[in-house]
Structure formats: structure tokens, C-alpha cells
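Have a look at the structure below, then the notes.
The values are calculated or read from the model by the stated rules, or taken from the named source; none is laboratory data. The structure presented is a predicted model; accordingly, all values stated were derived computationally and were not measured. Cβ: placed from backbone, ideal geometry, glycine included. Neighbour counts: every protein chain shown. Each accessible area value is taken on the protein alone, full model and side chains, heavy atoms only, with ligands, DNA and RNA left out. Shrake-Rupley method; radii C 1.70, N 1.55, O 1.52, S 1.80 Å.
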2 protein chains.
Amino acid sequence: MVTYIFVTNRLHIRMRRDVFQAIADPVRRDIIGLLANQELTVNSVAENFDISRPAVSNHIKILSECGIVVIHKKGRERYCQIQPQNLLPVAEWIEQYRKLWEEKLDSFESYLMKLQTKNKNDE
Amino acid sequence: MVTYIFVTNRLHIRMRRDVFQAIADPVRRDIIGLLANQELTVNSVAENFDISRPAVSNHIKILSECGIVVIHKKGRERYCQIQPQNLLPVAEWIEQYRKLWEEKLDSFESYLMKLQTKNKNDE
DNA sequence: TATATACGTAACCATTTGATTACACAAATA
DNA sequence: TATTTGTGTAATCAAATGGTTACGTATATA
């Protein structure tokens, strides 16, 4: 069986920010991880990192520009909420390849099985 | 029946390149897409892009540095083969959030259901 | 043996990225 | 009203990124 994989990226609507690029930065992945458990203000997020608050603020901006984070104002505070469903493009992209590597592992497994049988016959 | 699972990333083969960063570039994602269907030489890969051959060569190098692509020499040609299982760290990372957004969608769905029932009662 | 081919790599360059500090401003508080 | 707090943004900078051309080198071919 052959699995054909189409280059879906070409079909995508141009976003201001690319979600693949957004999650490329480890700090931004950590921010996503933090927000998975709870909504946090920008300052609360920043407290978890060694970099400056404006640096964190900019990371959050990038995440919000590709929809992974939405911000709602509450007084002078801004609460960051994760929108995990906007990671879907990445999940879909990866999913094609999961099929591919599972096929690979299956065929490797059956290769090992054959090898075992062969060795048994050789004994 | 034995299932062999290779979590190569966990075996602490220190990778120079981060796989998240590797797939951040659209050209590299396209290269992965090309190689999913077939093994290709460096030049054959390069033919599919508008950028120069050395530029493609460098992208392939980056992909090979994080294990997504392996290269085997055959005469003067170098065949690039995809190792999709090395995308697993990304798949695992995404998977946590899939659970999160499915919960979100579920609760939204049940919210809609309640709304529908309510509207029916209001009629 | 001379030439063509398939690369990798070095030198270079423009742009992007990710950080900093300084500042502006609205909202809360004293 | 004066001050503190939470935040965005501008100016600036070093490093990383991604492209180019030029070149070296091993392998195939004439």
C-alpha cells in the first residue's frame, strides 16, 4: 500500500503569522503550556520566565496573531486564554506522517517476525 | 505478538537541531512532503523549488540534522529518505492540546444542545 | 585522460528574530 | 488629585536565518 501525501501548506489561506513558526520558539511553547492550565495575565505569564516583560508581551502578541491565544481586557489587566483548536493545522500536518511512520514500523515488525522464523529454521 | 516502538528522541541521541524549528520553514515542510512519496536525490528535490540548489541542500542538511531525513550515498548521488517517526515529538506535543480542544468543543456542543432545548421550550 | 555531473561548503549579504531599555498611557489606588 | 500598576510600543542591537554566487571534489562518462 502506498500513501500519498499532499502538500497542504500550499492550499492555506495566508495568515499574518504562521502557526508552525509560532510554535517553533521554545518560550512560546512554554507559554502555551502555562495557559493550558489556566488563564493568566501578561504579567503573570512573564513571571515564569527570565526574559523581560516586553519580550514575553511580544511572544504573546505573536501567539495571538495566529489565534492560539486570545486576550480579553479586564480593567487594566489582560487575560490570556489559549485557543488550542488553532493548533489543528499542525495536528493535521503531522497526522499524515503518523500514518507513514506506523506503516514503516509495521513493515519493520513483520521483517523482524520473518527474521525470527528464519532463525528458528536455521537452528 | 511483540510491538517494537522506537522513540528515538528519548534515547538521548543529542540532536543539534530542534524538530519544531526544522518544520517551521515552509520549504522544509514541502521537502518532507516530496520525500513522503519517494526517495529523491538532492538535485531532484531542488528541481521542485525556485531557490538555488545550495539553498535546498542546506534545508536538507537541517532536516538531516534532526533526523527527519537520512541520506545514503549511491555513487555521486545522495538519496534523501524520510524518517517520519522523528516527527513524533511534535505529534506528542500537539496531542496534549488535542485533548484540550476536544474538551472545549464538547462543552460548546453541549452548550448548543442546551440552547436548542431552551429555544424549543420558548416556542 | 578530459569533461560533465552531483553534490557540499565557504564567503557574503539582506532580512528576520528575539532580546533589551525607555517611554507612554489607561486604570486602580492612596 | 497624585501615584502606582499593568500593559503596549518604539528604538536599538546582536545573532540567527535563508538566500546568493563561486568554488572544490568525487564520481561517472566520452
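A few comments on the model shown:
- Residue in the stretch B:107-118 that is away from DNA strand C (no atom under 11 Å from the Cβ) and modelled with pLDDT of 95 or more present: no
- Subset of the stretch B:70-100 that is touching a residue at least 12 places away in the same chain (Cβ under 8 Å) and within 12 Å of DNA strand D (Cβ to nearest atom) - its residue that is farthest from the chain's Cα centre (by Cα): B:Glu77
- Qualifying residue in the stretch A:101-108 (condition: of a type in the set (Lys, Arg) and in a helix (DSSP H, G or I)): yes
- The stretch B:28-64, residues that are among the small types (Gly, Ala, Ser) and more than 10 Å from every other protein chain (Cβ to nearest Cβ): B:Ser44, B:Ala46, B:Ser52, B:Ala55, B:Ser57, B:Ser64
- Test: residue in the stretch A:14-26 that is exposed (fewer than 13 other Cβ atoms within 10 Å of the Cβ), modelled with pLDDT of 95 or more and either assigned to a loop (DSSP other than H, G, I, E, B) or more than 9 Å from chain B (Cβ to nearest Cβ) (or both): no
- Counting the residues of the stretch A:61-114 that are within 23 Å of B:Trp101 (Cα to Cα), open to solvent by 60 Å² or more (accessible area, probe 1.4 Å) and among the basic types (Lys, Arg) gives 4.
- Scanning the stretch B:29-39 for residues that are part of a helix (DSSP H, G or I) and within 14 Å of DNA strand C (Cβ to nearest atom) turns up B:Ile31, B:Leu34, B:Leu35.
- Criterion violated by B:Gly67 - all others in (1) assigned to a helix (DSSP H, G or I); (2) touching a residue at least 24 places away in the same chain (Cβ under 8 Å) satisfied: (1)
- Within the stretch A:52-80, the residues that satisfy the criterion of being in contact with a strand residue (DSSP E or B) (Cβ under 7 Å, 6 or more places away or on another chain) and either at pLDDT below 95 or within 11 Å of A:Thr41 (Cβ to Cβ) (or both) are A:Ile60, A:Ile71, A:His72, A:Glu77, A:Arg78, A:Tyr79, A:Cys80.
- Residue ID - nearest to DNA strand C (Cβ to nearest atom), chosen from residues in the stretch A:40-54 that are hydrophobic (A, V, I, L, M, F, W, C) and in contact (Cβ under 8 Å) with a residue 24 or more places away in the chain: A:Ile51
- When residues of the stretch A:40-54 are limited to those that are assigned to a helix (DSSP H, G or I) and loosely packed, with under 13 Cβ neighbours inside 10 Å, the one farthest from DNA strand D (Cβ to nearest atom): A:Glu47
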